[in-house]
Amino acid sequence: MHSAPDTGQLVPSDRFLSRLWLALIKRPRRFILIAFSAAILLILLLILRGMMLSRDTEIESVRQMQAVRAVSINALLQLEAERLTNIRNYAEHLMQIQDELPALFAHDIQTAFEHRNDDVWALRTRDAAPVYGVSAARLTGLDGFSRDDAKLIPSMAVAIALSHMFSAGHNEPGLRERIAYVSGSGIIVAYPAISEQDVNPTLRSLASAGYFRNNLPLANPTRKQQWSIARSMDDIGESSLFLSAPVYAGNEFKAVLILEIPRHSLDESLNVAPHHDVNNYLLDQNGALVGASMRNVHRGETLASVLIDKWPADKLAVAFRSDAGILSNEHGSRLIYRKLGNSGLIMVDEVSTRELLQASVARLSGAIGAGAVALGLLLCFTLAIVHTLFGHYIARGEALRTLAETDALTGLANRRVFASRFADAYAWCKRDAVPVSLIMLDIDRFKKINDRWGHASGDVVLRTLADALRANVRKIDLPARLGGEEFAVLLPRTGIADAANLAEKLRLALQALVCEPVDSDDTASIRFTASFGVAQIAPGEPGSLDSLLMVADQRLYAAKAGGRNKVVWDEPQPEEMANEKPAKGT
């Protein structure tokens, strides 16, 4: 006699692992799908992690390139600052030897001096930057301007010398567009030159400009160079970066040297950034936009108004207080910022991490696509094998499970499943303080149906009743065949009044049904009714399935005793209970 194989060696000994193993072998295709899904998820997580690292590397690359560009721009700004320092030193040296200068340009100076009271007068400079002056009357009311005719001739000589220097040095490398010398006596030297008719408007504009007023003795007692953003000398709608410094003869204020760096020169420096998906900006310490790599800048624009994402003002203010750093927002964008030396300028690079991730995905799309196709083919191949090997086993298992859990004739749940579902419903009842109800019903005079039309027609009636139950209950309700012509409906989270309403609905539905007999000499249509008993376990009450069935059964008998085709959901009266109980199926 052969002994049964020891299946204990086929599964792990640990109880949890045993249950897991049994669950897996019951549904091998689901297990394979889950395993492949987990593998794909792991691969996707690794890819995502790689893209995150790539994003961080890109951001660090942007930060390093910004540092390189900052050094480059700072070097150019420092070059301009050194040039202005040299010009100022030269101008102040000329101030010290100004008594010797007039002899060099005696004729030209004397001619201009004779016209000193004209509204605008010019000093001949012979192929150098023109020198203009205005009358003393034109200087009235302009802060920082006054004229002493006794000192005018030496000032003319200094201006002529500087005009030659401006013209000769304009082709040197750098960012500047214009350099100007504005003396307190009303003499202007600029290269590129300004036209004679623009001298008076330019002088008045300079007198009100911060880069002139901030170099007057009271405003700049230390005589340091100053950076500022102001309206361009040529285009009132454009802004430029200005570097200015006062010129003194000893302790006497004489003039202001002004170097203008136009915005487009700064834009060109920003446009050398190697990352095309990064927006580069240059702004002053107040947040006003000076330059941008991707767009034209209009006067009065601020950084906050041009950024792609919205940034809180308090976060942006951080960039104006510290020397360098990185800011991030909830949209995943980064602002990488760095101050440019003593210029008061701040370089800001706006990086969209979304665009960086999209770029990474675009680069990896080929590999990801090939991997996805390979995994898909492998999954299909594996599933085909599993389907072939386990298909019959799974089908037989499902058939056995269905046979064990459902009534073969009606397809409703059997008593074992009904008891299991009641345990769940009763657990909800105790945990959530909700009622659970039960409807028991029995077909009236079912034996007569079998006797008149035959058992095959009786089976039709049972199946028709089962279909009606399924069609009229909720998804959480469970209709079941308890045996013979006796059925029950489990109603979780339902009070007895609602259960009675449902029973009445079912009673009316069954009463209206018509069944056609089969394999019977009697061809008359079959109509039938049922009697119903309804019971509940209220929240907080003890109970069991047997006790609930017993109460429902008693009320079912009361409905039978009361004339059949009735619903009884309260306790039967004593006189009703005294009546002889009718037999089931009658």
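What follows is calculated from the coordinates using simple rules that are stated; it is not laboratory data. Everything numeric in this text was worked out from a predicted model, so none of it was measured. Because the Cβ atoms are built from the backbone with ideal geometry, glycine has one as well, and the counts that use them run over all protein chains shown.
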Distance in nm between S547 and D451 label points, each 7 Å along Cα→Cβ, equals 3.9 nm
Among N450, P479, S544, the residue whose Cα sits farthest towards the positive end of the charge dipole of region 415-568 (+1 at Cβ of Lys and Arg, -1 at Cβ of Asp and Glu, taken about the Cα centre) is S544
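In percent, what relative contact order does region 415-568 have, based on Cα pairs under 8 Å that are 6 or more apart in sequence? Intermediate values should be presented prior to the final figure.
Numbers: 278 pairs, mean separation 49.0, N = 154.
Rounded, it is 32 percent for region 415-568.
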To the nearest 0.05, the calculated FRET efficiency linking R415 and D459 through their beta-carbon distance, R0 being 25 Å, is 0.85
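Any idea what the relative contact order of region 74-265 is, in percent, if you count C-alpha pairs under 8 Å spaced at least 6 apart? Please report the intermediate quantities before stating the final value.
On the way: 336 pairs, mean separation 41.3, N = 192.
Reported as a whole number, the value is 22 percent.
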The exposure ranking of C380, C515, fewest beta-carbon neighbours within 10 Å first, is C380, C515
Cβ density ranking, 10 Å radius, fewest first, applied to S167, S244 yields S167, S244
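Can you give the percent of C-alpha pairs in region 276-351 whose distance is more than 15 Å? Present the calculation step by step, with values, prior to reporting the outcome.
Numbers: 1401 of 2850 pairs.
Summing the P(r) of region 276-351 above 15 Å gives 49 percent of all pairs.
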Highest mean packing first, using Cβ neighbours within 10 angstrom, the peptides 413-426, 121-134 sort as 121-134, 413-426
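Using DSSP to define loop residues, name the trypsin sites (Lys or Arg not before Pro) in region 466-566 whose beta-carbon has at most 12 other beta-carbon atoms within 10 Å.
Working: sites: R470, R474, K475, R481, R493, K505, R507, R527, R555, K560, R564, K566; in loops: R474, K475, R493, R527, R564, K566.
The qualifying sites are R474, K475.
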What the Cα atoms of region 415-568 span along the principal axes, largest first and in whole Å, is 55, 29, 23
For region 282-287, Karplus-derived ³J(HN,Hα) couplings (6.51, -1.76, 1.60; θ = phi - 60°; whole Hz; x for glycine and proline) come out as 10, 9, 8, 5, 9, x
Whole-Å distance linking the alpha carbon centroid of region 14-69 with that of region 210-257 is 61 Å
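Which of E541, E238, E260, E350 comes first, and how do the rest follow, when ranked by fewest Cβ neighbours within 10 Å? Numbers along the way, then the final one.
Values: E541 11, E238 16, E260 22, E350 25.
The fewest-first ordering by Cβ neighbours comes to E541, E238, E260, E350.
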Rounded to one decimal in nm, the spacing of the 7 Å Cα→Cβ label points at A538 and V518 is 4.6 nm
Diffing region 306-317: the Karplus 3J(HN,Hα) column from phi (6.51, -1.76, 1.60, θ = phi - 60°), in whole Hz with x for Gly and Pro, holds 10, 5, 5, 9, 7, 10, x, 4, 5, 6, 5, 4
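Rounded, prolate or oblate for region 481-525? Axes are the square roots of the Cα gyration tensor eigenvalues, ordered a ≥ b ≥ c, and the cut-off for rounded is a/c under 1.5. Kindly include the intermediate steps, with their values, before the conclusion.
On the way: a/c = 5.27, a/b = 2.16, b/c = 2.44.
It comes out oblate by the Cα gyration axes.
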Expressed in nanometres to one decimal, the distance between label points 7 Å along Cα→Cβ at I308 and L20 is 4.4 nm
Quick note, region 74-265: a/c under 1.5 would make it rounded; otherwise a/b > b/c is prolate and the rest oblate (a ≥ b ≥ c, C-alpha gyration tensor); here it is rounded
For region 74-265, the dipole about the Cα centre with charges only on Cβ (Lys and Arg +1, Asp and Glu -1), to the nearest 20 debye, works out at 440 debye
Checked against a 23 Å limit on the C-alpha separation, the offending pairs among K430/K475; K254/K339; K505/K560 are K254/K339
